[in-house]
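Inspection log for the structure reproduced underneath, given as structure tokens.
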Protein chains: 2
Amino acid sequence: MRPTDLDRVRGLHLFGQAAPETFRVATAGAHLQRFPANTTLLFEGDTVDFLYMLLEGQVELHGTWNDHETVMAILRPVSSFLLAAVVLDADALMSARTLERCEILMIPGDAIRTAMQLDARFAMAVSRDLAGGYRGLVRTIKNHKLRSGVERLANHLLALRSADNAGSTVRLHYEKRILASLLGMTPENLSRAFAALQAHGVTVEGALVHITNIAALEALAKPDPLIDNHAPRGGDILIDADAEIWSSEWNRKARR
Amino acid sequence: MRPTDLDRVRGLHLFGQAAPETFRVATAGAHLQRFPANTTLLFEGDTVDFLYMLLEGQVELHGTWNDHETVMAILRPVSSFLLAAVVLDADALMSARTLERCEILMIPGDAIRTAMQLDARFAMAVSRDLAGGYRGLVRTIKNHKLRSGVERLANHLLALRSADNAGSTVRLHYEKRILASLLGMTPENLSRAFAALQAHGVTVEGALVHITNIAALEALAKPDPLIDNHAPRGGDILIDADAEIWSSEWNRKARR
DNA sequence: GCTTGGACTTGATGCAGATCAAACCACTGC
DNA sequence: GCAGTGGTTTGATCTGCATCAAGTCCAAGC
């Protein structure tokens, strides 16, 4: 593993609080692996032997039942995944596949569990990460049960805008059919949802989405800090570890 | 607090592994409180100062957006709730209200956080609890995105049957309109869903549901160990801490 | 260049589930 | 007992979204 990669891992919330010894133990058995695009890393139901740290590329987590498939999350660097399964030494509930060429650091699960026993601060950091993930899922469920498809799309666009702290144009980082599944709709319906948003200040141009009237879009989307993590809360400071669904690093600002 | 209550708390997964000193510290500042039925304990957005341990009664967690409301979970003893918010010292994402008269042990949040710093085994137990909760929410999302209303109801009935390790009759422990919201449908639709299940060996009699043909119901429900925690996995032993959505105690057998 | 395949869009149709409305029932309180 | 209230059921209707079916666009391969 290159020193620069080590630095990146060291910088994660998960290890930031840990004792140097803990960090050494955990990363000693770790190995960096590269995967091509469209590679399944793990099927749901598989035993989870490693904690995965995505350093480069994009990974999709999805679930299956009765010949249906749904995208649960898209991960971008730097994110860890499968932490809950590792902590419990349990099977994976979701499959993971690369959407593009990826660099992934794989840390043996028992190293993580051992480190937690030895270092309360590290165990605390794991708890914070899991708690943040937990709250992200609560937000996701509220999003799905309380809003319509168009409303979910509108809020997704606002979240993207906030994450990229961009101007009036955001870029979709993956295919629309994947976004559709993530938002819980069909590709056809996503297309129509975009069309519906034209009346609310949104125009689409391939992967680029122009938000020409933010006020109008927000009026439709009604973002809420208790669902949308990006939404402003009344003058409050955003708690760092409560950042996102899959990793506290997911949503950090100034990425690239 | 009565000694018997202390014993019940001591028996929880959360404290089972903790050092006696940790247990003492955490429960020293705790107080037992009784609430009447239909009392809101906490609104979403409120600051969370306590970890709540439900010792008696039923509590509903629900979320709101734009004048809509949805039930996120129903808790029964012995369950903890708001652990994720406590770990992060964050606002509640869900409101909590009693459905009936409740006894709740309230443990100061900072006592929990302090105990985690001091006792790695306790921090580990918190992680396991959160990881179990996390996985429960993943199951919930798969359930909602991949199944229809009737399928969700069918699986819910099978889960009830499994939890009560009962015979062919299960009892609904709360009102149908609450169950409807929990399953993501309207009361009218739940009624029709029950009617639809008549063709698959289910008859309803108030709060009692008779499953006259389990094979037929399972053929419709297609329970899956990666969604339904009760579903049998191939000869495997069920991992204890991965027990349920809101608490590892939720689903334990031989309750009453 | 042409061809092929997959992503995306657009239109027509069908279905699951929401909404509206009314009736029924059980329980509560007077 | 009786009226009132709220939960539940049933029916009629409406809507959002899925499904089915073309057709377009675009990139990769021959």
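Structural remarks
- Per-copy distances of the A:His68 label point, shortest first, in nm (7 angstrom along Cα→Cβ): 1.7
- Note on the range B:3-141: with charges restricted to the Cβ of Lys and Arg (+1) and Asp and Glu (-1), its dipole about the Cα centre is near 540 debye.
- Taken about its Cα centre, the range A:148-223 carries a charge dipole of about 80 debye when Lys and Arg each add +1 at the Cβ and Asp and Glu each add -1 at the Cβ.
- Label 7 Å beyond Cα on the Cβ vector: A:Asn213 copy-to-copy distances, nm: 5.5
- Contact order relative to length of the range B:148-226, as percent, for alpha carbon pairs under 8 angstrom and 6 or more apart: 36 percent
- Relative to the 2.2 N^0.38 Å rule of thumb, the range A:7-125 has a C-alpha radius of gyration ratio of 1.06.
- Over chain B, relative contact order from alpha-carbon pairs under 8 Å, at least 6 apart, %: 22 percent
- Counting only protein heavy atoms and a 1.4 Å probe, chain B has 41 square angstrom of accessible area per residue.
- The range A:148-223 - convex hull of alpha carbons, volume per residue in Å³: 78 Å³
- The separation of the range A:44-108 from the range A:125-156, counted between C-alpha centres, amounts to 18 Å.
- Within the accessible area of chain B, the carbon and sulfur atoms contribute 50%, probe 1.4 Å, all protein chains present.
- Most mobile listed residue (B:His62, B:His230, B:His31) in chain B, GNM with C-alpha springs under 10 Å: B:His31
- Between amide H atoms placed 1.01 Å from N, distances below 5 Å from A:Gly201 occur with no residue 5 or more places distant or on a separate chain.
- The HN-Hα couplings worked out from phi for the range A:134-139 by the Karplus form 6.51 cos²θ - 1.76 cosθ + 1.60 (θ = phi - 60°) are 4, 5, x, 5, 4, 4 Hz, whole numbers, x standing for Gly and Pro.
- ³J(HN,Hα) computed for each position of the range B:196-204 - Karplus, 6.51 cos²θ - 1.76 cosθ + 1.60, integer Hz, glycine/proline x: 5, 6, 4, 6, 10, x, 10, 10, 10
- For the options A:Arg24, A:Arg121, A:Arg135, a Gaussian network treatment of chain A with springs between C-alpha atoms closer than 10 Å singles out A:Arg24 as fluctuating the most.
- Given in Å, the Rg to one decimal and the Dmax to the nearest whole number for the Cα atoms of the range A:62-117 are 13.3, 40.
- Greater than 21 Å apart at Cα, pairs in A:Lys145/A:Lys222; A:Lys145/B:Lys222; A:Lys222/B:Lys145: A:Lys145/B:Lys222; A:Lys222/B:Lys145
- Here the protein assembly as shown was treated as a single set of alpha-carbon atoms; its pair distances binned every 20 Å from 0 give 22, 57, 20, 0 percent.
- Per-residue surface analysis assigns B:Lys145 an accessible area of about 50 Å², computed on protein heavy atoms at 1.4 Å probe radius.
- Extended-chain gain in nm, criterion 0.36 nm per residue less alpha-carbon gap, B:Arg24 and B:Leu172: 49.5 nm
- Placing a label point 7 Å from Cα along the Cα-to-Cβ axis, B:Ser191 is separated from the same position in the other copies by 4.0 nm, shortest listed first.
- Threshold 40 Å² - residues in the range B:78-110 whose accessible area is reduced by that much or more when the chain is no longer isolated, probe 1.4 Å: B:Ala84, B:Val87, B:Leu88, B:Asp91, B:Leu93
- Amide H contacts of A:Thr169: A:Ile211, each under 5 Å away and 5 or more positions distant or on a separate chain (H built 1.01 Å from N in the peptide plane; Pro and chain starts excluded).
- Debye, to nearest 20: dipole size of the protein assembly as shown, +1 on Lys, Arg Cβ, -1 on Asp, Glu Cβ: 320 debye
- Under the Debye formula (equal points on every Cα, no solvent term), log10 I(q)/I(0) of the range A:58-153 at q = 0.11, 0.20, 0.24 Å⁻¹: -0.42, -1.20, -1.42
- Close amide H contacts of B:Met72 (hydrogens built in the peptide plane, cut-off under 5 Å, sequence separation of 5 or more or a different chain): B:Leu61, B:His62, B:Gly63.
- Interface residues in the range A:43-68 - accessible area drops by 50 Å² or more relative to the isolated chain, probe 1.4 Å: A:Trp65
- Buried accessible surface for the B/A pair, both sides summed and rounded to the nearest 100, is 5300 Å² with a 1.4 Å probe.
- Straight-distance crosslink candidates among aspartates and glutamates, where the alpha carbon sits under 14 Å from A:Lys176 and sequence neighbours closer than 8 are dropped: A:Glu60, A:Glu188, A:Glu205
- Mean Cα-pair separation over length for the range A:3-141, i.e. relative contact order, pairs under 8 Å, 6 or more apart, %: 35 percent
The values are calculated or read from the model by the stated rules, or taken from the named source; none is laboratory data. Since the structure is predicted, the reported quantities are computational estimates derived from the model, not experimental observations. Methodologically, a virtual Cβ is constructed for each residue, glycine included, from the backbone with ideal geometry; neighbour enumeration extends over all protein chains shown. Note: areas computed on protein heavy atoms with side chains; ligands, DNA, RNA excluded. Shrake-Rupley method; radii C 1.70, N 1.55, O 1.52, S 1.80 Å.
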